[in-house]
Amino acid sequence: MNSYKNEIKKFKKKNNFRGYKQALLPKSDELISQTDQGTSCGEYLRRYWHPVVLTSEVSNSPLQIRILGEDLIIFKTTANKIGLVHKNCPHRRASLVYGKCEKKGIRCCYHGWLFAPDGEILETPGENPNSKSATKLRKTFKLGAYPVIEYNGLVFAYMGPPENIPEFPHYDVFDVDGITTRPYRIEYNCNWIQVLDAIMDPVHTSFLHGQSSGIQFSKGFAEVGELEFFERGIQYLGCNTRRVDDNVWVRVNELILPNFTQAGSAFAADGTKSRYFGRSSFTRWVVPVDDNHCIALAWGNFGERGDPIEHNTKEGCERIEAGEIMDRTWEEKQKSPGDAEAVEGMGSISAHKGEHLMPTDYGVMVYRRRIRKLAKNLEEGKEPPQPQQKKGDIIRTNGQDTVLRVPKRNIDDRKFIKSIGSAVMKMQFGAEKMPIKDRDNHIINKLANMEKSGAF
């Protein structure tokens, strides 16, 4: 009994066991986590084009999807025109998921009303088409619909005010020679910000993908590198420079607001052999389904400047996206967690007020702060900036992998390799106004010369 008394004294003295005082969950960051129409962030996100579904999922059989808290129907007419419309027929609210796709649009199963992909009411067959009520209805009312653009296996939608519809953004990675893309879709059972955070958290790759779960990509990932973050308009870059034996590996993750992301190669670069301006393993958008769910819609990038072509499979894309395949047993997930387990384990909406952010979280802090500001600015009537600065711009991106042979010198090595990462980033930024192919060749040649000359 005395031993128990001594233990209790120790418990009290250390002042550690704080479960009771910390049991109440802190609040989430509602401003950036809530995305329904009418919320600050929801309205902000609705000012951009987002992928909503794989092209392969769209057919003459209507498909129900949920995006930004809205239940929608996406379909393809028999003339191969894609429509994205509100779920319920405006007549008696029957679901259009049971509708019939025809040449001109989708016909409601209940009373046969026919709607064009843009929402126009084409027919109300149970009514006299020449009646005053039918004529007035067709002139004054439309089924809710959103414009869509199909591009390279993904269907993009704009869900904001039609008078503010922006230009469809064209990124330079859409046209990289020698790259084969594979569209993919990954579902996450959590808020969109939790998934987006990871791209601005380069340190997690060293632990989650290189230590905690074993080597999920390559041994080099386990090295904790030197970090540098860059904020350039609405582009955010996290540069992680690692030493791997006699090589220096510069890996750059990229976020262009609100939700365009790229990460350096997953399997092609491991820090063991030279690589000059290799491009990203994926080109991805993180899209809210609702406040508790989101999807990653993306292209896996394979080829000479992407990941090895042998990973161009469904399972390969899942590994590149999350470190592990998605369909695994609980025991497998617990033994080797990937990104999905890490971000979903935070809860359906992470309690940001309970975080204790550190200097390595700078990228996360600064981009979240910017989204809050842009959402608040929109409340005041100021439209958010688009990725393209002017009409017709091809948007330059900087997500990449570079590996250079740089043996250690008799100097502070961590400071030295960080300076190499900075030099690589400066090189990329300095070539941004060049034509795309000229820019790529310029950077590749300069990196090769830098390695050859040893002028770091």
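The values are calculated or read from the model by the stated rules, or taken from the named source; none is laboratory data. Quick caveat: nothing in here was measured; it's all calculated off a predicted structure. Every residue, glycine as well, gets a Cβ built from its backbone with ideal geometry; the counts of neighbours run over all protein chains shown.
Overview of results
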{"quantity": "Single residue of the range 135-190 satisfying the filter (among the charged types (D, E, K, R) and free of Cβ contacts under 8 Å to residues at least 60 places away in the same chain) that is nearest to Ala116 (Cα to Cα)", "calculated": "Lys142"}
{"quantity": "Residues located in the range 9-51, provided they are of a type in the set (A, V, I, L, M, F, W, C), surrounded by 10 or more Cβ atoms within 10 Å (Cβ to Cβ) and farther than 30 Å from Thr283 by Cα", "calculated": "Phe11, Leu25"}
{"quantity": "Failed criterion for Asp413 (all others in (1) under 24 Å from the mean Cα position of the chain (by Cα); (2) under 29 Å from Ala266 (Cβ atoms); (3) surrounded by 13 or more Cβ atoms within 10 Å (Cβ to Cβ) hold)", "calculated": "(1)"}
{"quantity": "Breaking point among (1) small (Gly, Ala, Ser); (2) buried (at least 24 other Cβ atoms within 10 Å of the Cβ); (3) more than 30 Å from Leu68 (Cβ to Cβ), for Ser274", "calculated": "(2)"}
{"quantity": "Selection count, the range 114-133, where residues are assigned to a loop (DSSP other than H, G, I, E, B), under 25 Å from Tyr98 (Cβ atoms) and either of a type in the set (Phe, Trp, Tyr) or more than 43 Å from the chain's Cα centre (by Cα) (or both)", "calculated": "4"}
{"quantity": "Residues being surrounded by fewer than 24 Cβ atoms within 10 Å (Cβ to Cβ), under 22 Å from the mean Cα position of the chain (by Cα) and within 17 Å of Phe456 (Cα to Cα) - total across the range 241-271", "calculated": "0"}
{"quantity": "Test for Phe429: is it among the aromatic types (Phe, Trp, Tyr), loosely packed, with under 15 Cβ neighbours inside 10 Å, part of a helix (DSSP H, G or I) and out of contact with any helix residue (DSSP H, G or I) (no Cβ under 8 Å at 6 or more places or on another chain)", "calculated": "yes"}
{"quantity": "Checklist (1) at pLDDT 95 or above; (2) surrounded by 23 or more Cβ atoms within 10 Å (Cβ to Cβ); (3) within 26 Å of Glu315 (Cβ to Cβ); (4) touching a Ser or Thr at 6+ places or on another chain (Cβ under 8 Å) applied to Val195, failing item", "calculated": "(4)"}
{"quantity": "Output for the range 76-95, where each listed residue is free of Cβ contacts under 8 Å to residues at least 40 places away in the same chain and within 14 Å of Ala145 (Cα to Cα)", "calculated": "Lys76, Lys81, Lys87, Asn88"}
{"quantity": "Condition check for Leu374: within 30 Å of Ile32 (Cα to Cα), hydrophobic (A, V, I, L, M, F, W, C) and in a helix (DSSP H, G or I)", "calculated": "yes"}
{"quantity": "Unmet criterion (only one of (1) over 20 Å from Ser61 (Cβ atoms); (2) at pLDDT 95 or above) for Arg107", "calculated": "(1)"}
{"quantity": "Residue selected from the range 134-186 under the condition small (Gly, Ala, Ser) and not in a helix (DSSP H, G or I), by the criterion farthest from Ala268 (Cα to Cα)", "calculated": "Gly144"}
{"quantity": "Meets criteria (surrounded by fewer than 22 Cβ atoms within 10 Å (Cβ to Cβ) and within 18 Å of the chain's Cα centre (by Cα)) for Leu297", "calculated": "no"}
{"quantity": "Given (1) crowded, with 18+ Cβ neighbours inside 10 Å; (2) under 30 Å from Gly42 (Cβ atoms), number of the condition Ile420 does not satisfy", "calculated": "(2)"}
{"quantity": "Some residue of the range 377-384 being out of contact with any Asp or Glu (no Cβ under 7 Å at 6 or more places or on another chain) and crowded, with 16+ Cβ neighbours inside 10 Å", "calculated": "yes"}
{"quantity": "Helices (runs of 4 or more DSSP H) wholly inside the range 300-352 that include at least 3 residues being closer than 15 Å to Tyr184 by Cβ and charged (D, E, K, R)", "calculated": "314-322"}
{"quantity": "Residues located in the range 214-226, provided they are crowded, with 19+ Cβ neighbours inside 10 Å and aliphatic (A, V, I, L, M)", "calculated": "Ala222"}
{"quantity": "Index of the failed condition, Tyr44 passing every other in (1) modelled with pLDDT of 95 or more; (2) not in a helix (DSSP H, G or I); (3) not β-branched (Val, Ile, Thr)", "calculated": "(2)"}
{"quantity": "Members of the range 263-299 that are small (Gly, Ala, Ser) and not in a loop (DSSP other than H, G, I, E, B)", "calculated": "Ala263, Gly278, Ala296, Ala298"}
{"quantity": "Boolean, Lys437 is more than 19 Å from the chain's Cα centre (by Cα), closer than 30 Å to Asp175 by Cβ, modelled with pLDDT under 95 and surrounded by fewer than 18 Cβ atoms within 10 Å (Cβ to Cβ)", "calculated": "yes"}
{"quantity": "Residues of the range 52-98 satisfying the condition of being touching a helix residue (DSSP H, G or I) at 6+ places or on another chain (Cβ under 8 Å), buried (at least 17 other Cβ atoms within 10 Å of the Cβ) and polar (S, T, N, Q)", "calculated": "Asn88"}
